[in-house]
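The next block holds one structure in the form of structure tokens; read it before the comments.
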Amino acid sequence: MKKETAPEWTDQSLQAFVRKVDWNLCRDFLAIARYGGVGAAARATGRRQPSLSAALRRFEAHVGHTLCDRSSRGVVLTPMGVAVLALCRDMAGSVMAMPLHAAAAAGRVEGTLRLCMIPDVAVPAVDEAIMQFNSAYPAVSLHIDIAPWRQTIEAVDRGDADIGITCDDIRRQSLRYVTIGQEAQQLYCVDKAPLLARLAATGLDVAGEEKRFAPRYFTGESFILTGGDEPRELRDLRARYGLGESVSGQVDTLSEARRLVLLGVGIGFLPIDFARPDEAAGRLVPLLPDDLLPRYPIYMITRTDTPEGTAASLMTRSIVSRMAERSLLDGEDMRLA
């Protein structure tokens, strides 16, 4: 990589840069980084590849540095490109936050915002949006209910909740669905479960990630089931392999399911993120291969007739904004194609 000579920036040249630079070029550069290259960014955004390539060249000319290096292995961000990418992320976050701060300055948002959420859901963008929203609109009181996914959808549809966070959807024309994450569930048993000794006695070694088992080994085991909290994808998996026909516990929430599994009452499915601390501590043992695990989207749902400028619409915008910021932080690859 050849060393570049930094341009001499004066007050006059910086002012000229501000006048001449097209802020859309920052957006294009973010898209190229996020989607892994010019071609992928063009497909994702509906743009023409030559147009994005030209935008990147223009942006590099404005900045005065090469932001991407091409080699036989692909295209990578230069150190200057990494630094500029961080600044572009900050700019995007500031642009997305403009409507929220403008509404807060107007002082017109108050009242109660009602959220209904499935238990123990782990979507960082939601937590970040709640903190951001509370800071921007301190006059709005947050009321959060916890309910199974079906009840969450019904609560939003009836108007008992303004926003729902749910792991499944019954597509209704009265509701708007936004995918905000994905969750996977694993089958767990307690670390001292007799099941592990029986598996070991058959010559199966249960140690290590590569030692997961086919579902047929668990068809006769006693299960802890979560009833109304069970996603359709998990229910279909159990039906396909005959899992859970013997029930040793029926609970309403994932927290109760976790407690009974840890007590050795039975084996049960838990979200991976939810069970991760127990797995890391050795208290819970995962049983199924990763490629068999049921995976399903997490949705934010609102009514289609939600008025603009209300606390519900502003919270929705805040969640989408945080998702976009996280995708820029987590989704880009330093090696571009």
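Among the listed residues 212, 108, identify the single one that is closer than 26 Å to residue 260 by Cα and at pLDDT below 85. Show your work before the answer.
Details: 108 fails: closer than 26 Å to residue 260 by Cα.
Just one listed residue meets the conditions, 212.
Considering the conditions (1) in contact with a Leu (Cβ under 6 Å, 6 or more places away or on another chain); (2) among the basic types (Lys, Arg); (3) modelled with pLDDT of 90 or more, residue 235 is excluded by exactly one of them, (1). Checking 31, 54, 61 one by one, the residue that is closer than 22 Å to residue 91 by Cα, modelled with pLDDT of 80 or more and under 22 Å from the mean Cα position of the chain (by Cα) is 31 and no other. Here segment 90-103 is the region considered, the condition is being open to solvent by less than 50 Å² (accessible area, probe 1.4 Å) and under 16 Å from residue 29 (Cα atoms), and the residue that is modelled with the lowest pLDDT is 93. Note on segment 309-337: residues that are part of a helix (DSSP H, G or I), at pLDDT below 60 and among the acidic types (Asp, Glu) amount to 1.
From the list 160, 205, pick out the single residue that is of a type in the set (D, E, K, R) and at pLDDT 85 or above.
Working: 205 fails: at pLDDT 85 or above.
160 is the lone residue from the list that is of a type in the set (D, E, K, R) and at pLDDT 85 or above.
If you go through segment 107-147 and keep only what is over 23 Å from residue 253 (Cβ atoms), outside any strand (DSSP E or B) and either among the acidic types (Asp, Glu) or open to solvent by less than 30 Å² (accessible area, probe 1.4 Å) (or both), you end up with 109, 110, 128, 129, 133, 136, 137. Of all residue pairs spaced 6 or more apart or on separate chains, those with beta-carbon atoms under 6 Å, a first member in segment 172-201 that is part of a helix (DSSP H, G or I) and a second member that is not β-branched (Val, Ile, Thr) are 195/189. Contact annotation: residue pairs with Cβ atoms under 7 Å, 6 or more positions apart or on different chains, pairing a residue in segment 239-250 that is over 14 Å from residue 226 (Cα atoms) with a partner that is open to solvent by 50 Å² or more (accessible area, probe 1.4 Å), are 241/216; 241/219; 242/219.
Give 182, 186 a once-over and let me know the one that is buried (at least 17 other Cβ atoms within 10 Å of the Cβ), under 30 Å from residue 219 (Cβ atoms), within 23 Å of the chain's Cα centre (by Cα) and modelled with pLDDT of 80 or more.
Numbers: 182 fails: buried (at least 17 other Cβ atoms within 10 Å of the Cβ).
When all the criteria are applied, what remains is 186.
In the condition set (1) assigned to a helix (DSSP H, G or I); (2) more than 30 Å from residue 111 (Cα to Cα), residue 288 is compliant with all but (1). Of all residues in segment 39-60, those satisfying the criterion of being of a type outside the set (S, T, N, Q) and open to solvent by 20 Å² or more (accessible area, probe 1.4 Å) are 40, 43, 44, 46, 47, 48, 50, 54, 57, 58, 60.
The values are calculated or read from the model by the stated rules, or taken from the named source; none is laboratory data. These figures come from a predicted structure and were not determined experimentally. With ideal geometry, Cβ positions are generated from the backbone for all residues, glycine too; neighbour counts draw on all protein chains shown. All accessible areas refer to the heavy atoms of the entire protein, side chains included, with ligands and DNA or RNA removed. Shrake-Rupley method; radii C 1.70, N 1.55, O 1.52, S 1.80 Å.
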